[in-house]
Ligand code: NAD
């Protein structure tokens, strides 16, 4: 049902963004990819998805402007690129704070402000922000990430109100722990650091807050993004769709 629609997914060379790109492609959208990775991987993904790729670092306004200039007119904008850094607040490196706020929050402001004029002209648009359970609740040592994710939930509500009459919706998807390379790669270090088995790390450390004790699959997040693009979701606007196994119900 997305034939003829152009979709840009930031941070789509890995994890959740890649799964969203694949799912939008399966519905017929023309894809623009963004994100880092080895040249061969990016070429392979562009081939698989019939997509173009824009190499832009979204930690600066200039990077977001470069991305939007190269991407052209987009009907579906998925702001997904993000990163994490964990540290007590008094030691939190200022440069990390700035990079996370820029990437996880400000980049979505820049891509949105640049995407909206065309969406308004087209009379249709979808802005989907990949937030997090950390857009609703906090955890210690994640000052920048939690602040940025709460911020993007607020930005999403503003966009929803401003654009409601233009046929454009803006929503967040807020996953709990999702099984991605990012998460999987933490396991060996945590096993070593805490003297735990792989199963103990997964259940008692990573999934401590997720009541189902199961990771969310990237395909589940992607399915929500597809749903939000559809006709049935035209009145879902400014919402924060949790996919966290009950984490934020507590
Ligand atoms: P990932 O590390 O697998 O993918 C991140 C993507 O962003 C990659 O394509 C990477 O190249 C790109 N990227 C990183 N820095 C960038 C930059 N400066 N400019 C442009 N692109 C950049 O991570 P993921 O787990 O798929 O996370 C994707 C999003 O989902 C993030 O916003 C993250 O906060 C959110 N999220 C993840 C989880 C989880 O458990 N994995 C849970 C909740 C929310």
(request) Estimate the FRET efficiency between residue 200 and residue 86 by the formula 1/(1 + (r/R0)^6), using the beta-carbon distance for r and 30 Å for R0, to the nearest 0.05. (result) 0.95
(request) Would you look at the GNM of the chain, springs on alpha carbons closer than 10 Å, and say which of 107, 52, 87 moves the most? (result) 87
(message) Order these by the 10 Å Cβ neighbour count, fewest first: 110, 134.
(response) 110, 134
(request) Compute the relative contact order of the chain as a whole-number percentage, counting only Cα pairs closer than 8 Å that sit 6 or more residues apart in sequence. (result) 20
(request) Please sort 53-64, 69-80 by packing, taking for each peptide the average over its residues of neighbouring beta carbons within 10 angstrom, highest first. (result) 69-80, 53-64
(request) With 5 Å bins from zero, work out the P(r) of the chain over every alpha carbon pair and list the percent per bin. (result) 1, 7, 13, 18, 20, 17, 12, 7, 3, 1, 0, 0
(request) Any chance you could check the Cα centroid distance between the stretch 175-250 and the stretch 1-63 for me, in angstrom? (result) 21
(message) Order these by the 10 Å Cβ neighbour count, fewest first: 145, 118, 177.
(response) 118, 177, 145
(request) Quickly estimate the mean residue ellipticity at 222 nm for the chain, helices only: each DSSP H run with n ≥ 4 gives -39500 (n - 2.57), and the total goes over all residues, rounded to 500. (result) -12500 deg cm²/dmol
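Every number in this text was worked out from the coordinates using simple rules, so none of it is lab data. Bear in mind the structure is a predicted one, so any value in this text is a computation, not a measurement. Methodologically, a virtual Cβ is constructed for each residue, glycine included, from the backbone with ideal geometry; neighbour enumeration extends over all protein chains shown.
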